[in-house]
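The values are calculated or read from the model by the stated rules, or taken from the named source; none is laboratory data. Note that the structure is a prediction, hence the values are computed from the model and not measured. Cβ: placed from backbone, ideal geometry, glycine included. Neighbour counts: every protein chain shown. Keep in mind that these areas ignore ligands, DNA and RNA; they rest on the heavy atoms of the full protein, side chains included. Shrake-Rupley method; radii C 1.70, N 1.55, O 1.52, S 1.80 Å.
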Amino acid sequence: MSLKFAIESRNLTTIKTDLLVVNMHDGKVDAHSFANQIDKKLSGELKKLLKREKFDGKAGQIKLINTHGKLSAENVAVLGLGDRKKFDLEVVRKGAAKVFQLAKEIHAQNIVTAVHGGHLNVVNKGDCAQAVVEGIKLAAYEFTLYKKPKNKSALRLVSLLCPDKNKVKEVQAGMKRGEALAEGTSLARDLVNTPACDMQAENLAAVAKKNKGIKTRIYSKAEIKKMKMGSYLSVNQGSDAPPAFIEMHYKPKTKPKKTVAIIGKGVMFDSGGLSLKPPKFMETMKDDMAGGAATVALMSIIAKLAPKHEVWGLVAATDNMPDAKATKPGDVVTAMNGKTIEILNTDAEGRLTMADALHYACTRKKPDYVIDMATLTGACLVALGQRIAAIMGNDDDLIQSLIAAAKKTHEPLWQLPLHEEYKKDLQSTVADIKNIGGPYGGTITAGLFLQEFVSNTKWAHIDIAGPSWTEAPYPYEKKGGTGVMVRTLAEFLKELS
Ligand code: BES
Ligand code: ZN
Ligand code: ZN
């Protein structure tokens with residue numbers, strides 16, 4: 001059964017619910033806060049209890065209090081929001097995830113919660129509502145295709161407290177947006193978590209086809225051949241499963257302001273090809289389509305988000321397998337833009353699929369901006385670790401806009417330079433370019449390789465090799481695919497003018 005969200009504008013002391021959630025900052029309960037209203041109803045018991053238990057409202061702390069019939073709500077929880085000066089939307093998301101865990105523990109079927117942070121006037125209340133919904137819905141995410149969860153959450157309804165009638169519209173809009181974004185992120189997680197045996201290029205294409213409010217076209221192997229995407233096709237050569245070039249198209253109701261092409265790496269499984277990966281490195285390689293998953297997932301909710309721009313979503317999907325027909329190190333292929341590529345390492349396959357997708361996007365769609373997301377290099381994990389994605393490109397305004405969007409969604413991006421001098425690392429003696437650079441700066445040389453296929457279009461490349469997957473769960477993530485970049489790209493499209 002699904003989790004629903006609603007607005008609650010009645011007086012909080014009369015609301016019937018399994019769990020009523022209020023908050024406090026570091027230090028004390030504010031005079032005008034919901035927590036203070038409840039304390040009064042409970043004849044000062046709340047403050048006494050918090051003091052006794054040394055609960056001072058640090059970010060992420062949560063305290064459950066039984067109301068013993070003194071309120072219509074069965075239980076009250078106080079969520080700590082920490083230092084006011086350090087407050088941001090991520091405090092809300094993480095706090096909301098804590099609320100979900102608590103609701104699950106006490107088997108609450110419905111909860112009513114304050115729109116955390118909405119009282120501060122530093123962040124817009126709609127954004128706070130969005131963050132509450134994202135935190136709860138993403139914390140509730142489970143991958144259940146092959147294994148049913150042991151202790152299921154009983155939670156069915158979450159109501160956001162909004163006594164101020166003037167704010168209802170704003171809170172409602174934030175709530176709806178949060179629902180859509182969590183839904184999209186969850187889809188991206190499902191697509192990544194589904195193993196390659198059940199998630200081949202054609203399966204991803206079938207999911208893309210189901211998307212509402214957009215047009216989707218799938219190009220078959222014969223059509224891909226016709227378009228002369230020799231670089232992309234070389235990756236598919238060793239596979240039994242056909243490739244699928246997925247093209248999704250969203251058009252706003254009014255005249256589009258800008259055209260944006262989004263490309264996601266869709267290597268359904270990366271064995272490395274004949275340059276076979278060692279077993280440990282292969283274990284998580286169903287994740288190598290996380291960029292494509294984020295692209296399909298974003299397009300699945302784009303009609304709900306309704307940006308003012310025309311958006312193309314493209315995925316050159318295939319797996320990378322070793323077989324009798326597989327590309328051999330030393331082979332030379334010709335990309336769609338006519339450039340010849342010497343493939344020295346078949347494990348550097350992502351850039352080969354992206355090269356043709358980038359050229360196709362730039363020349364056929366002529367977008368104002370092209371943004372690509374790819375689990376492109378292990379070197380990115382070495383440089384920035386598991387939680388930060390690298391961003392590079394040829395347009396600083398575009399890069400800065402994406403960094404700003406990522407700051408808001410807390411999916412951090414860090415810019416790396418496309419240092420011209422490193423281009424020589426990609427020189428080949430037999431072809432226009434080779435598909436690997438030297439031993440150092442692998443994320444940058446991969447970016448420089450991609451740049452050869454983008455012509456003059458304003459372009460940003462995001463290497464998500466680190467944050468697309470998590471081993472150690474974050475408050476609103478589970479081990480596995482994270483669905484990273486769905487929320488950031490949505491935020492970017494919202495703010496783009
Ligand atoms: N899919 C991998 C990159 C990757 C590694 C993603 C770890 C997520 C986690 C990519 O196709 C790859 O294998 N890249 C090689 C490039 C090298 C051969 C130049 C790498 O990073 O080792
Ligand atoms: Zn690879
Ligand atoms: Zn790969």
Problem set entry | Close pairs from the stretch 404-430: first over 20 Å from Gly483 (Cβ atoms), partner open to solvent by 50 Å² or more (accessible area, probe 1.4 Å) and of a type outside the set (D, E, K, R), Cβ under 7 Å, at least 6 apart | Val430/Val332
Seminar exercise, completed: With the first residue restricted to the stretch 337-363 and required to be over 22 Å from Ile246 (Cβ atoms), and the second required to be more than 10 Å from ligand 3 (Cβ to nearest atom) and part of a helix (DSSP H, G or I), Cβ contacts under 6 Å at 6 or more apart or on different chains are Ile341/Ser231
For this session: For the stretch 388-442, enumerate the residues that are hydroxyl-bearing (Ser, Thr, Tyr) and either part of a helix (DSSP H, G or I) or touching a helix residue (DSSP H, G or I) at 6+ places or on another chain (Cβ under 6 Å) (or both).
Result: Ser401, Thr409, Tyr422
Problem set entry | Those residues of the stretch 340-355 which are touching a strand residue (DSSP E or B) at 6+ places or on another chain (Cβ under 6 Å) and away from ligand 3 (no atom under 13 Å from the Cβ), in sequence order | Thr340, Ile341, Glu342, Ile343, Leu344
For this session: Test Ala326 against the criterion of being part of a helix (DSSP H, G or I), out of contact with any helix residue (DSSP H, G or I) (no Cβ under 7 Å at 6 or more places or on another chain) and more than 13 Å from ligand 1 (Cβ to nearest atom), and give yes or no.
Result: no
For this session: Specify the residue that is nearest to ligand 3 (Cβ to nearest atom); the eligible residues are those in the stretch 258-298 that are of a type in the set (Lys, Arg) and either in contact with a Ser or Thr (Cβ under 7 Å, 6 or more places away or on another chain) or without any contact (Cβ under 8 Å) to a residue 24 or more places away in the chain (or both).
Result: Lys265
For this session: Quick one: which residue in Ala379, Ala383 is open to solvent by 20 Å² or more (accessible area, probe 1.4 Å), part of a helix (DSSP H, G or I), within 10 Å of ligand 1 (Cβ to nearest atom) and in contact (Cβ under 8 Å) with a residue 24 or more places away in the chain?
Result: Ala379
Problem set entry | Only one of Ser159, Ser153 that is farther than 19 Å from Leu81 by Cβ, of a type outside the set (Lys, Arg) and assigned to a loop (DSSP other than H, G, I, E, B) | Ser153
Problem set entry | Residue in the stretch 142-149 that is surrounded by 13 or more Cβ atoms within 10 Å (Cβ to Cβ) and either in a helix (DSSP H, G or I) or touching a helix residue (DSSP H, G or I) at 6+ places or on another chain (Cβ under 8 Å) (or both) present | yes
For this session: Specify which of the listed residues (Ala261, Ala297, Ala290) is more than 16 Å from ligand 2 (Cβ to nearest atom), part of a helix (DSSP H, G or I), within 30 Å of Gly174 (Cα to Cα) and at pLDDT 95 or above.
Result: Ala297
For this session: Take the residues in the stretch 415-445 that are surrounded by 15 or more Cβ atoms within 10 Å (Cβ to Cβ) and among the hydrophobic types (A, V, I, L, M, F, W, C), then tell me which one is farthest from Arg387 (Cα to Cα).
Result: Ala431
For this session: Please determine, by comparing only the residues of the stretch 7-63 that are part of a loop (DSSP other than H, G, I, E, B) and β-branched (Val, Ile, Thr), which one is most open to solvent (accessible area, probe 1.4 Å).
Result: Thr14
Exercise. Counting only residues that are hydrophobic (A, V, I, L, M, F, W, C) and within 11 Å of ligand 1 (Cβ to nearest atom), how many does the stretch 264-281 have?
Worked result: 4
Seminar exercise, completed: Checked the stretch 358-376 for anything open to solvent by less than 20 Å² (accessible area, probe 1.4 Å), farther than 17 Å from Met392 by Cβ and either part of a loop (DSSP other than H, G, I, E, B) or within 16 Å of ligand 1 (Cβ to nearest atom) (or both); matches are Pro367
For this session: Please indicate, with yes or no, whether at least one residue in the stretch 201-218 is in a helix (DSSP H, G or I), over 19 Å from Met373 (Cα atoms), of a type in the set (Gly, Ala, Ser) and more than 15 Å from ligand 3 (Cβ to nearest atom).
Result: yes
For this session: Working only within the stretch 315-340, note down all residues that are within 28 Å of Thr457 (Cα to Cα) and in contact with an Asp or Glu (Cβ under 7 Å, 6 or more places away or on another chain).
Result: Ala316, Val332, Ala335, Met336, Lys339, Thr340
Problem set entry | Flag if Asp331 is among the acidic types (Asp, Glu), within 16 Å of ligand 2 (Cβ to nearest atom) and open to solvent by 10 Å² or more (accessible area, probe 1.4 Å) | yes
Exercise. Just checking, how many residues over the stretch 266-286 are open to solvent by less than 10 Å² (accessible area, probe 1.4 Å) and either under 27 Å from Thr488 (Cβ atoms) or not in a loop (DSSP other than H, G, I, E, B) (or both)?
Worked result: 4
For this session: Mind listing whichever residues of the stretch 386-403 are out of contact with any Pro (no Cβ under 7 Å at 6 or more places or on another chain) and open to solvent by 60 Å² or more (accessible area, probe 1.4 Å)?
Result: Asn394, Asp396, Asp397, Gln400
For this session: State all residues of the stretch 160-176 that are open to solvent by 70 Å² or more (accessible area, probe 1.4 Å), under 24 Å from the mean Cα position of the chain (by Cα) and either charged (D, E, K, R) or farther than 22 Å from Asn110 by Cα (or both); if no residue qualifies, say none.
Result: Lys176
